[in-house]
Amino acid sequence: MRQSTLHLHTAFVVDRVDPRIFGGFLEHLGRAVYEGVYDPQSPHADESGCRRDVLEALRELRFTAMRYPGGNFVSGYHWLDAVGPKEKRPRTRDLAWQSIETNQFGPNEFLSLCARMDWTPMLAVNLGTGTPEEARNWLEYCNIEGGSKWADLRREHGYEQPWHVRLWCLGNEMDGPWQIGHVPAEVYAVNAQQTANMMRMCDPKLELVACGSCAIDMPTYLVWDRTVLAHCRESIDYLSVHRYVGNEANDTENFLAVSNSIDAQIEATDAVCAEVFHALRMKKRVRISFDEWNVWYKARGPEHHDGRGKVAPHLLEEVYNLEDALVAAEFLNSFIRHADSVKIANLAQIVNVIAPILTDGDRMVRQTIFHPIALMAKRRDGVALRTSVEGPVYESRDYGSVPYVDSSAILNGRELSVFVVNRSLDRPLELSVRVGDRQVEELLSAEIVTGSDPKEANTFDEPERIVARPFEDACVKGGSASLVLPPLSFVAATVRLS
Ligand code: AHR
């Protein structure tokens with residue numbers, strides 16, 4: 001059997017794991033909002049029109065920061081259309097996804113949902129067709145008690161108390177030519193800076209995210225970031241990073257090595273943040289908001305992107321399989337390994353659209369990616385430890401050499417959680433977890449997500465093909481933990497240290 005050792009030391013702390021790396025993203029796109037979280041016609045609907053079954057499943061994922069309302073959608077969105085009496089809200093044409101938006105679910109419905117679900121709202125303002133003033137008005141509507149036009153309008157709409165939204169994104173993917181209102185970096189940077197300044201004048205207690213490069217294959221990758229940072233440096237707190245990955249070549253071993261490239265993307269963006277920080281003698285260093293991430297390559301192309309003028313069309317309904325679930329775990333492993341630079345990360349998205357949950361009429365299914373995320377989310381508190389894996393590696397086609405084991409570790413007092421993926425397609429691997437300065441005393445819990453076929457997926461008829469199950473092949477011996485990982489598996493295990 002292959003053998004590897006995961007070496008850890010409790011003094012080798014990367015940083016506290018910001019709980020906001022377990023964030024989500026809800027866009028007005030396809031059936032994410034309508035028929036997803038909000039469906040007043042559904043037998044599952046509660047008094048607010050939200051689907052109870054969907055919310056219950058979302059709770060298991062323990063989302064923190066929830067980004068809304070887009071995405072590409074936000075670059076043509078006017079928040080004022082979606083507040084006030086529902087019968088007076090206009091139907092609007094969404095050009096990003098060629099759909100009709102009914103505006104029956106808007107900012108107040110979203111913020112009420114955040115309060116119920118214990119999500120931290122992360123609102124994106126429209127810097128495509130919108131103005132800095134429209135953004136600042138929305139902020140006043142949300143955050144100011146009353147006594148001025150927009151704050152009073154919120155009260156008129158039945159929301160006496162301000163929402164106190166702290167986290168705001170200054171537009172979405174403005175480096176992408178597909179984005180409504182896409183402009184060169186210098187133009188975006190000036191606009192973002194002015195918006196940030198106006199917003200801070202209205203409410204100084206904000207955390208602001210500027211658009212960074214939205215993909216590593218953009219011609220402006222990192223150059224855009226440097227320009228935005230140089231202009232906006234003291235006005236922003238985070239720079240966004242987005243990443244969607246796929247197994248287009250149908251090469252599973254190669255796909256499972258993609259974490260090398262995710263690590264590299266984070267490290268390159270962080271290096272630009274560091275460079276600008278030092279070169280321009282900034283007061284504080286800008287950190288990363290990895291605010292869109294997922295596997296997404298099957299539900300792509302015109303038939304998945306064009307809503308053909310419908311309300312809630314079927315768009316981007318990616319079906320996830322076992323290999324996708326392992327890659328989802330690798331994304332989170334990478335964020336944990338980079339806990340010092342990645343402070344926010346949002347799974348894109350949460351329901352129906354490239355999502356861990358799919359609905360079909362009254363039915364709902366938890367997709368494969370749901371399970372590793374849930375297992376990690378319940379063990380997320382603590383500090384990230386540096387990981388070093390000793391053992392066999394393989395050469396991947398696109399991403400260089402990787403160990404068979406992908407890993408991360410979180411220490412919470414004396415409880416240590418490790419998250420490991422065995423990338424091998426056909427061979428089990430015995431992993432010894434050693435903590436240099438401590439003894440592993442006791443195994444507290446261990447769960448596994450695995451299957452025999454990388455393409456295996458859950459369906460509405462067979463929703464439990466790939467789920468989390470108790471992991472039996474774990475034990476403590478000689479002061480370390482031993483895990484026998486089957487091929488194509490993800491294990492989350494928690495042990496108590498001396
Ligand atoms: O999440 C789907 C889309 O992907 C978002 O609207 C956009 O920001 C990204 O390109």
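The values are calculated or read from the model by the stated rules, or taken from the named source; none is laboratory data. It should be emphasised that the depicted structure is a prediction, and the values quoted were computed from it without experimental measurement. Reconstructed Cβ throughout: ideal geometry from the backbone, glycine too, with neighbour counts over all protein chains shown. Surface accessibility is based on the protein's heavy atoms, side chains included, excluding ligands, DNA and RNA. Shrake-Rupley method; radii C 1.70, N 1.55, O 1.52, S 1.80 Å.
Seen from every direction in turn and averaged, the convex hull around the alpha carbons of region 154-291 projects onto 10.9 nm². On the basis of the beta-carbon distance and an R0 of 51 Å, HIS9 and LYS149 show a calculated FRET efficiency of 0.35. What region 18-380 shows is 34 Å² of accessible area per residue, with the surface traced by a 1.4 Å probe over protein heavy atoms. Could you work out the relative contact order of the chain, using alpha carbon pairs under 8 angstrom and six or more residues apart, expressed as a whole percent? In percent, rounded to a whole number, it is 20. Beta bridges per DSSP, both residues in region 18-380: antiparallel share near 20 percent. About the centre of its Cα atoms, region 166-257 shows a dipole size close to 460 debye [charges on the beta carbon of Lys, Arg (+1) and Asp, Glu (-1) only; nearest 20 debye].
Among the protein heavy atoms of region 415-483, carbon and sulfur supply 43% of the accessible surface, probe 1.4 Å, non-protein parts ignored.
Close amide H contacts of CYS50 (hydrogens built in the peptide plane, cut-off under 5 Å, sequence separation of 5 or more or a different chain): ASP39.
Please say if region 237-340 is rounded, prolate or oblate, where rounded means a/c under 1.5 for a ≥ b ≥ c the square roots of the C-alpha gyration tensor eigenvalues, and otherwise the choice is prolate for a/b larger than b/c and oblate otherwise? Could you put the intermediate results ahead of the total?
Values: a/c = 2.94, a/b = 1.60, b/c = 1.84.
Because a/c hits 1.5 or more and a/b fails to exceed b/c, region 237-340 counts as oblate.
Our summary gives region 285-427 a relative contact order of 22 percent, counting only alpha carbon pairs under 8 angstrom and 6 or more residues apart. Put simply, the convex hull of the Cα atoms in region 1-132 casts, on average, a shadow of 13.1 nm².
Summing +1 for each Lys or Arg and -1 for each Asp or Glu among the other residues whose beta-carbon sits under 13 angstrom from that of LEU483 gives -1.
What's the carbon and sulfur percent of region 18-380's accessible surface, probe 1.4 angstrom, rounded to a whole number?
Percent of accessible area from carbon and sulfur atoms in region 18-380: 51.
Each Lys and Arg adds +1 at its Cβ and each Asp and Glu adds -1 at its Cβ; summed about the Cα centre, the chain shows a dipole of about 1120 debye. In summary, the lysines within cross-link reach of LYS88, defined as a Cα separation below 28 angstrom excluding same-chain residues under 8 places away, comprise LYS149, LYS310. Rounded, prolate or oblate: which fits region 392-479 when a ≥ b ≥ c are the square roots of the eigenvalues of the alpha-carbon gyration tensor, with rounded for a/c under 1.5 and prolate only if a/b beats b/c? Since a/c reaches 1.5 but b/c is at least a/b, the shape of region 392-479 is classed as oblate. Candidates PRO132, ILE144, ALA57 compared by Cα position along the dipole of region 18-380: farthest toward the positive end lies ILE144, with charges placed on Cβ.
Average the reciprocal distances over every distinct pair of alpha-carbons in region 18-380, invert the result, and give the Kirkwood radius in Å.
Kirkwood radius, region 18-380: 20.5 Å.
DSSP H helices in the chain with Cα extent of 18 Å or more along the helix axis and mean Kyte-Doolittle hydropathy at least -0.5?
Details: long enough: 185-202 (25 Å, -0.01); 259-279 (30 Å, 0.25); 322-337 (23 Å, 0.74).
Membrane-span-like by this rule: 185-202, 259-279, 322-337.
Positive-end ranking of PRO470, GLY158, TYR34 along the dipole of the chain, with charges on Cβ about the Cα centre, is headed by GLY158.
Note on region 273-352: with charges restricted to the Cβ of Lys and Arg (+1) and Asp and Glu (-1), its dipole about the Cα centre is near 620 debye. Under a 5 Å amide H cut-off, with hydrogens placed 1.01 Å from N, ARG243 pairs with GLU292, TRP293, ASN294 among residues at least 5 apart or on other chains.
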